[in-house]
Amino acid sequence: MENLLIEIYLFVCQTYDTYSETCYQRLSNNSKPEFTDQELITIWFFAHLEGCFEKKKMHRLIVKYWRAWFPHLPSYQTFVLRLNRLEPTFQTFGAVLSGAVAAQRAPEFDHLVDSLPVMLAQHGNSYGARVGREIAEIGYCAAKKTRFHGVRLHCIAQRRTGCLPLPSQVWLCAASHHDSKAFIEQQPEEVAFTELFGDLAYPTPQIISHLKEQQTRLVAPQKRAKGKELTLDEKYYNRLVRRIRQPIESLFNWIQEKTQIQRASKVRSTDALMIHCWGKLAVAFFLLVFNY
């Protein structure tokens, strides 16, 4: 485990040195604290690899087992305060790692698109939720048949044979945004000259027109007309499309298993929500790149 911790710290320091202008900038007199941001990011990555997904568990892990490696570790309250300021840093790490993932992609393969809910509150609790109101809203997850307060993580990923798909573009939007609206607002450019497999939310005139400009064909299940039943051929077609789309569900399940990104009930502020989303995505990209 010592080697793993050292490897993570060296990676973090190298990334900080290379992309320092886009990381969190300290302009106060305390611009060089004894407990550095590099150590803080290292703890974040290392704790996730050790199965500690909440900030309190991360802090306890270091206090109990690794205090000698982080002699200037602050109190839990300061630890959380410092961590919640690092959204630009996590976005930088996510971009760097995403670029490394992009190097593994093959341009000839098709793409998959879907969204994953990040839930601050569920069911009846969602109506009274107040956390992150600047970006979080009430939405409905059809897959889980759950109304929730939170955001949606949208992902376009490249399909691979026998492996998890590789994310090519990721973005966040409020939970109330329909998947088709979020897609049009984002105007993704990563799917040109391929086929894009989506669910029933995506075949709208705006999306089809946008993809046509990129010479991309949208493939989605056939929707049952009101008062009619699908033909046998349409049922087999829908089954085939869903089978092709299944790997993106596997990708979301893998991200949830490795980071617990979907469960955000412990988040207490907008800044913390951003760290929860971008920080855990950075961990997922880190695992994809280094195969831990």
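Summary of computed values
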read-out: Within straight-line cross-link reach of Lys57, lysines at Cα separation under 20 Å, skipping those fewer than 8 residues along the same chain; value: Lys258, Lys266, Lys280
read-out: HN-Hα J in Hz across the range 43-54 - Karplus 6.51, -1.76, 1.60, θ = phi - 60°, x for Gly and Pro; value: 4, 4, 5, 5, 5, 5, 5, 8, x, 9, 9, 9
read-out: Cβ charges +1 (Lys, Arg) and -1 (Asp, Glu), total dipole of the range 179-277, debye; value: 480 debye
read-out: Residues in the range 145-179 that a label on Ala95 would reach, taking backbone N under 13 Å of a point 7 Å out along Cα→Cβ; value: none
read-out: Convex hull volume per residue in cubic angstrom - Cα atoms of the chain; value: 151 Å³
read-out: Gained length - Thr146 relative to Ser269, 0.36 nm times residue gap less alpha-carbon distance; value: 42.0 nm
read-out: Excluding exposed DSSP-loop GluC sites (Glu not before Pro) (at most 15 other C-beta within 10 Å), longest clean stretch of the chain; value: 230-292
read-out: The range 2-83, dipole about Cα centre (Lys/Arg Cβ +1, Asp/Glu Cβ -1), debye to the nearest 20; value: 440 debye
read-out: Check: the range 108-268 dipole with +1 on Lys, Arg Cβ and -1 on Asp, Glu Cβ, in debye; value: 780 debye
read-out: Kirkwood hydrodynamic radius (C-alpha pairs) into Stokes-Einstein, the range 1-103, 25 °C and 0.890 mPa s, D in µm²/s; value: 172 µm²/s
read-out: Label point 7 Å beyond Cα of Glu7 along Cβ direction - residues of the range 29-58 with amide nitrogen under 19 Å; value: 39, 41-52
read-out: Value of [θ]222 nm, deg cm²/dmol, for the chain, DSSP H segments ≥ 4, -39500 (n - 2.57) each, nearest 500; value: -13500 deg cm²/dmol
read-out: Under-5 Å amide H pairs with Gln169, H placed in peptide plane, nonlocal only; value: Ile156
read-out: Cα lying deepest toward the dipole's positive end in the range 108-268, options Pro221, Ala143, Val113, charges on Cβ; value: Ala143
read-out: Within the range 84-106, backbone nitrogen closer than 17 Å to the virtual label 7 Å beyond the Cα of Asn291 toward Cβ; value: 100-106
read-out: Top positive-direction residue, dipole computed over the range 202-292 with Cβ charges, set Ser250, Tyr237, Ala282; value: Tyr237
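Bear in mind that the values in this text are calculations on the coordinates, not laboratory data. For clarity, every value in this text was computed on a predicted model and none was experimentally measured. Here the Cβ is made from the backbone with ideal geometry for all residues, glycine too, and neighbour counts use every protein chain on show.
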